[in-house]
There are 2 protein chains.
Amino acid sequence: MVIRNIEEAPMEPVQMAGAEGTTMAVMVGREDGAPNFSLRNIRVEAGGYTPRHAHDYEHEVFIISGEGTVLLEGSEQPVRAGDVVFVPADEEHQFKASGAGLRFLCLVPVHRNCGEETPGS
Amino acid sequence: MVIRNIEEAPMEPVQMAGAEGTTMAVMVGREDGAPNFSLRNIRVEAGGYTPRHAHDYEHEVFIISGEGTVLLEGSEQPVRAGDVVFVPADEEHQFKASGAGLRFLCLVPVHRNCGEETPGS
(Lines give C-alpha, C1' and ligand atoms only; values in the text may rest on other atoms or scores of the structure.)
Protein backbone atom coordinates (compact mmCIF):
# COMPACT_ATOMS: atom_id res chain seq x y z
CA MET A 1 0.00 0.00 0.00
CA VAL A 2 1.39 3.40 -0.93
CA ILE A 3 0.57 6.18 1.54
CA ARG A 4 3.46 8.65 1.73
CA ASN A 5 3.59 12.15 3.17
CA ILE A 6 5.30 14.94 1.27
CA GLU A 7 6.97 16.11 4.51
CA GLU A 8 8.84 12.81 4.79
CA ALA A 9 9.83 12.41 1.15
CA PRO A 10 13.54 12.10 0.33
CA MET A 11 14.02 15.24 -1.78
CA GLU A 12 16.80 15.09 -4.36
CA PRO A 13 18.35 18.07 -6.14
CA VAL A 14 17.11 18.58 -9.69
CA GLN A 15 20.36 18.43 -11.65
CA MET A 16 18.86 19.48 -14.98
CA ALA A 17 20.62 22.37 -16.72
CA GLY A 18 18.80 25.63 -16.03
CA ALA A 19 17.40 24.60 -12.63
CA GLU A 20 18.38 26.47 -9.48
CA GLY A 21 17.42 25.74 -5.86
CA THR A 22 15.02 22.98 -6.89
CA THR A 23 14.52 19.57 -5.27
CA MET A 24 12.15 16.76 -6.16
CA ALA A 25 10.78 13.43 -4.95
CA VAL A 26 8.68 11.04 -7.01
CA MET A 27 5.76 10.24 -4.66
CA VAL A 28 4.07 7.73 -6.99
CA GLY A 29 5.63 6.66 -10.25
CA ARG A 30 6.73 3.87 -12.53
CA GLU A 31 8.56 2.06 -9.73
CA ASP A 32 5.27 1.80 -7.82
CA GLY A 33 3.54 0.31 -10.83
CA ALA A 34 1.71 3.51 -11.77
CA PRO A 35 0.53 2.69 -15.28
CA ASN A 36 -0.35 6.12 -16.68
CA PHE A 37 1.02 9.07 -14.73
CA SER A 38 3.54 10.00 -12.07
CA LEU A 39 3.06 12.37 -9.10
CA ARG A 40 6.17 14.35 -8.16
CA ASN A 41 6.70 16.64 -5.18
CA ILE A 42 8.78 19.71 -5.99
CA ARG A 43 10.25 22.46 -3.84
CA VAL A 44 11.89 25.61 -5.16
CA GLU A 45 13.67 27.80 -2.65
CA ALA A 46 13.18 31.58 -2.70
CA GLY A 47 15.00 32.98 -5.72
CA GLY A 48 15.19 29.55 -7.34
CA TYR A 49 13.60 28.31 -10.54
CA THR A 50 12.88 25.27 -12.66
CA PRO A 51 14.39 25.03 -16.16
CA ARG A 52 12.91 27.28 -18.84
CA HIS A 53 12.12 24.66 -21.43
CA ALA A 54 9.50 22.80 -23.45
CA HIS A 55 9.03 19.07 -24.05
CA ASP A 56 6.71 16.70 -25.85
CA TYR A 57 4.59 15.83 -22.81
CA GLU A 58 2.30 17.82 -20.54
CA HIS A 59 2.39 18.85 -16.87
CA GLU A 60 -0.50 19.17 -14.47
CA VAL A 61 0.60 21.21 -11.47
CA PHE A 62 -0.93 21.92 -8.05
CA ILE A 63 0.54 24.71 -5.94
CA ILE A 64 0.70 23.47 -2.35
CA SER A 65 2.11 26.57 -0.70
CA GLY A 66 4.35 29.57 -1.13
CA GLU A 67 4.52 32.18 -3.82
CA GLY A 68 6.06 32.60 -7.22
CA THR A 69 5.32 32.75 -10.90
CA VAL A 70 4.84 30.51 -13.88
CA LEU A 71 6.01 31.46 -17.36
CA LEU A 72 3.41 30.27 -19.84
CA GLU A 73 2.44 31.46 -23.31
CA GLY A 74 5.31 33.96 -23.10
CA SER A 75 4.23 35.80 -19.94
CA GLU A 76 4.83 35.36 -16.23
CA GLN A 77 1.73 34.85 -14.11
CA PRO A 78 1.63 34.83 -10.32
CA VAL A 79 0.71 31.54 -8.67
CA ARG A 80 -0.56 30.88 -5.15
CA ALA A 81 -1.64 28.00 -2.95
CA GLY A 82 -4.54 26.10 -4.44
CA ASP A 83 -3.77 26.98 -8.06
CA VAL A 84 -3.93 24.23 -10.66
CA VAL A 85 -1.86 24.86 -13.80
CA PHE A 86 -2.06 22.91 -17.04
CA VAL A 87 1.11 23.10 -19.13
CA PRO A 88 0.34 21.52 -22.52
CA ALA A 89 2.98 19.54 -24.41
CA ASP A 90 5.49 21.64 -26.38
CA GLU A 91 4.64 24.82 -24.40
CA GLU A 92 7.64 26.68 -22.97
CA HIS A 93 7.35 27.05 -19.20
CA GLN A 94 9.29 27.89 -16.05
CA PHE A 95 8.36 28.15 -12.38
CA LYS A 96 10.12 30.73 -10.18
CA ALA A 97 9.88 31.05 -6.40
CA SER A 98 9.80 34.21 -4.33
CA GLY A 99 9.00 34.97 -0.69
CA ALA A 100 9.25 31.77 1.31
CA GLY A 101 9.74 29.60 -1.76
CA LEU A 102 7.30 27.47 -3.69
CA ARG A 103 6.04 23.94 -3.14
CA PHE A 104 4.02 22.15 -5.77
CA LEU A 105 3.01 18.83 -7.24
CA CYS A 106 3.98 18.29 -10.86
CA LEU A 107 2.38 15.37 -12.66
CA VAL A 108 3.67 13.87 -15.89
CA PRO A 109 2.61 10.92 -18.01
CA VAL A 110 4.64 7.76 -17.48
CA HIS A 111 5.03 7.18 -21.22
CA ARG A 112 5.55 9.57 -24.08
CA ASN A 113 3.33 9.19 -27.10
CA CYS A 114 6.08 7.19 -28.78
CA GLY A 115 6.01 4.69 -25.90
CA GLU A 116 9.32 5.81 -24.38
CA GLU A 117 9.55 6.42 -20.63
CA THR A 118 8.95 10.04 -19.64
CA PRO A 119 12.04 11.36 -17.76
CA GLY A 120 11.52 11.75 -14.03
CA SER A 121 8.36 9.65 -13.93
CA MET B 1 -3.97 29.19 -20.40
CA VAL B 2 -5.39 27.14 -17.56
CA ILE B 3 -4.66 28.50 -14.07
CA ARG B 4 -7.58 27.78 -11.75
CA ASN B 5 -7.78 27.92 -7.98
CA ILE B 6 -9.49 25.15 -6.05
CA GLU B 7 -11.24 27.76 -3.87
CA GLU B 8 -13.06 29.13 -6.91
CA ALA B 9 -13.98 25.85 -8.55
CA PRO B 10 -17.68 25.14 -9.18
CA MET B 11 -18.16 22.08 -6.98
CA GLU B 12 -20.89 19.66 -8.07
CA PRO B 13 -22.43 16.94 -5.91
CA VAL B 14 -21.14 13.44 -6.65
CA GLN B 15 -24.35 11.61 -7.52
CA MET B 16 -22.80 8.15 -7.66
CA ALA B 17 -24.57 5.48 -5.58
CA GLY B 18 -22.82 5.03 -2.25
CA ALA B 19 -21.45 8.60 -2.02
CA GLU B 20 -22.53 10.91 0.81
CA GLY B 21 -21.62 14.56 1.40
CA THR B 22 -19.16 14.57 -1.51
CA THR B 23 -18.64 17.29 -4.13
CA MET B 24 -16.22 17.46 -7.04
CA ALA B 25 -14.84 19.76 -9.71
CA VAL B 26 -12.66 18.69 -12.63
CA MET B 27 -9.79 21.20 -12.52
CA VAL B 28 -8.01 19.91 -15.65
CA GLY B 29 -9.51 17.20 -17.81
CA ARG B 30 -10.52 16.02 -21.21
CA GLU B 31 -12.38 19.25 -21.98
CA ASP B 32 -9.13 21.17 -21.51
CA GLY B 33 -7.32 18.88 -23.92
CA ALA B 34 -5.51 16.92 -21.21
CA PRO B 35 -4.26 13.91 -23.18
CA ASN B 36 -3.40 11.43 -20.42
CA PHE B 37 -4.84 12.23 -16.99
CA SER B 38 -7.41 14.37 -15.25
CA LEU B 39 -7.01 16.33 -12.00
CA ARG B 40 -10.16 16.48 -9.89
CA ASN B 41 -10.79 18.50 -6.72
CA ILE B 42 -12.90 16.63 -4.15
CA ARG B 43 -14.45 17.68 -0.85
CA VAL B 44 -16.08 15.33 1.61
CA GLU B 45 -17.95 16.91 4.51
CA ALA B 46 -17.50 15.55 8.04
CA GLY B 47 -19.29 12.21 8.28
CA GLY B 48 -19.41 11.88 4.50
CA TYR B 49 -17.74 9.31 2.26
CA THR B 50 -16.94 8.39 -1.31
CA PRO B 51 -18.39 5.19 -2.78
CA ARG B 52 -16.89 1.91 -1.57
CA HIS B 53 -16.00 0.40 -4.91
CA ALA B 54 -13.32 -0.82 -7.30
CA HIS B 55 -12.80 -0.09 -11.00
CA ASP B 56 -10.42 -0.93 -13.79
CA TYR B 57 -8.34 2.27 -13.53
CA GLU B 58 -6.13 3.72 -10.84
CA HIS B 59 -6.29 6.80 -8.60
CA GLU B 60 -3.45 8.98 -7.43
CA VAL B 61 -4.63 11.08 -4.49
CA PHE B 62 -3.18 14.07 -2.61
CA ILE B 63 -4.72 15.05 0.72
CA ILE B 64 -4.93 18.85 0.79
CA SER B 65 -6.43 19.30 4.25
CA GLY B 66 -8.70 17.83 6.86
CA GLU B 67 -8.84 14.40 8.38
CA GLY B 68 -10.32 11.04 7.59
CA THR B 69 -9.52 7.55 6.46
CA VAL B 70 -8.95 5.54 3.33
CA LEU B 71 -10.07 1.93 3.00
CA LEU B 72 -7.40 0.06 1.05
CA GLU B 73 -6.38 -3.60 1.00
CA GLY B 74 -9.26 -4.31 3.37
CA SER B 75 -8.29 -1.99 6.21
CA GLU B 76 -8.95 1.65 7.07
CA GLN B 77 -5.87 3.85 7.37
CA PRO B 78 -5.85 7.42 8.66
CA VAL B 79 -4.93 10.13 6.17
CA ARG B 80 -3.73 13.67 6.80
CA ALA B 81 -2.65 16.76 4.87
CA GLY B 82 0.31 16.04 2.61
CA ASP B 83 -0.40 12.34 2.18
CA VAL B 84 -0.16 10.85 -1.30
CA VAL B 85 -2.18 7.66 -1.82
CA PHE B 86 -1.89 5.29 -4.77
CA VAL B 87 -5.03 3.24 -5.38
CA PRO B 88 -4.18 0.61 -8.01
CA ALA B 89 -6.75 -0.52 -10.57
CA ASP B 90 -9.25 -3.12 -9.32
CA GLU B 91 -8.48 -2.35 -5.65
CA GLU B 92 -11.53 -1.70 -3.45
CA HIS B 93 -11.31 1.72 -1.80
CA GLN B 94 -13.32 4.36 0.05
CA PHE B 95 -12.47 7.72 1.59
CA LYS B 96 -14.30 8.87 4.72
CA ALA B 97 -14.14 12.30 6.33
CA SER B 98 -14.13 13.14 10.01
CA GLY B 99 -13.42 16.31 11.99
CA ALA B 100 -13.66 19.30 9.69
CA GLY B 101 -14.05 17.17 6.58
CA LEU B 102 -11.56 16.13 3.96
CA ARG B 103 -10.26 17.89 0.87
CA PHE B 104 -8.17 16.06 -1.69
CA LEU B 105 -7.08 15.84 -5.29
CA CYS B 106 -7.98 12.62 -7.08
CA LEU B 107 -6.32 11.96 -10.42
CA VAL B 108 -7.52 9.43 -12.95
CA PRO B 109 -6.39 8.48 -16.43
CA VAL B 110 -8.39 10.04 -19.24
CA HIS B 111 -8.71 6.74 -21.09
CA ARG B 112 -9.21 3.22 -19.85
CA ASN B 113 -6.92 0.55 -21.22
CA CYS B 114 -9.62 -0.36 -23.71
CA GLY B 115 -9.58 3.19 -25.06
CA GLU B 116 -12.93 4.18 -23.56
CA GLU B 117 -13.23 7.50 -21.69
CA THR B 118 -12.69 7.17 -17.94
CA PRO B 119 -15.84 8.44 -16.11
CA GLY B 120 -15.40 11.83 -14.44
CA SER B 121 -12.21 12.67 -16.31
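The values are calculated or read from the model by the stated rules, or taken from the named source; none is laboratory data. Worth saying up front: this structure is predicted, and the values here are computed from it rather than measured. When we count neighbours, we look across all protein chains shown, and the Cβ atoms used for this are built from the backbone with ideal geometry, even at glycine.
When the residues of region A:102-121 are filtered to those that are small (Gly, Ala, Ser) and in contact (Cβ under 8 Å) with a residue 60 or more places away in the chain, which remaining residue is nearest to the other protein chains (Cβ to nearest Cβ)?
Of everything passing the filter in region A:102-121, A:SER121 is nearest to the other protein chains (Cβ to nearest Cβ).
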| How about region B:27-60: which of its residues are assigned to a loop (DSSP other than H, G, I, E, B), among the charged types (D, E, K, R) and out of contact with any Leu (no Cβ under 7 Å at 6 or more places or on another chain)? | B:ASP56, B:GLU58
| Mind checking which residues of region B:1-23 are over 15 Å from B:THR50 (Cα atoms) and among the small types (Gly, Ala, Ser)? | B:ALA9
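Being within 13 Å of chain B (Cβ to nearest Cβ), surrounded by 17 or more Cβ atoms within 10 Å (Cβ to Cβ), hydroxyl-bearing (Ser, Thr, Tyr) and more than 23 Å from B:GLU60 (Cα to Cα) narrows it down to one of A:THR69, A:THR50, so name that one.
Result of the check over A:THR69, A:THR50: A:THR69.
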| query | What are the residues in region B:2-33 that are within 14 Å of chain A (Cβ to nearest Cβ) and of a type in the set (A, V, I, L, M, F, W, C), if any? | reply | B:VAL2, B:ILE3, B:ILE6, B:ALA9, B:MET11, B:MET24, B:ALA25, B:VAL26, B:MET27, B:VAL28
| query | Mind checking whether some residue in region B:93-100 is in contact with a strand residue (DSSP E or B) (Cβ under 6 Å, 6 or more places away or on another chain), facing another protein chain (nearest Cβ under 8 Å) and of a type in the set (Phe, Trp, Tyr)? | reply | no
| Considering only region B:34-47, how many residues are within 14 Å of A:LEU107 (Cβ to Cβ) and more than 13 Å from chain A (Cβ to nearest Cβ)? | 0
| request: Hey, can you tell me all the residues within region A:5-26 that are touching a residue at least 24 places away in the same chain (Cβ under 8 Å), part of a strand (DSSP E or B) and either of a type in the set (Lys, Arg) or within 20 Å of A:ALA100 (Cβ to Cβ) (or both)? | output: A:GLU20, A:GLY21, A:THR22, A:MET24
| query | If you go through region B:71-121, how many residues are at negative phi, of a type in the set (Asp, Glu) and at pLDDT 95 or above? | reply | 4
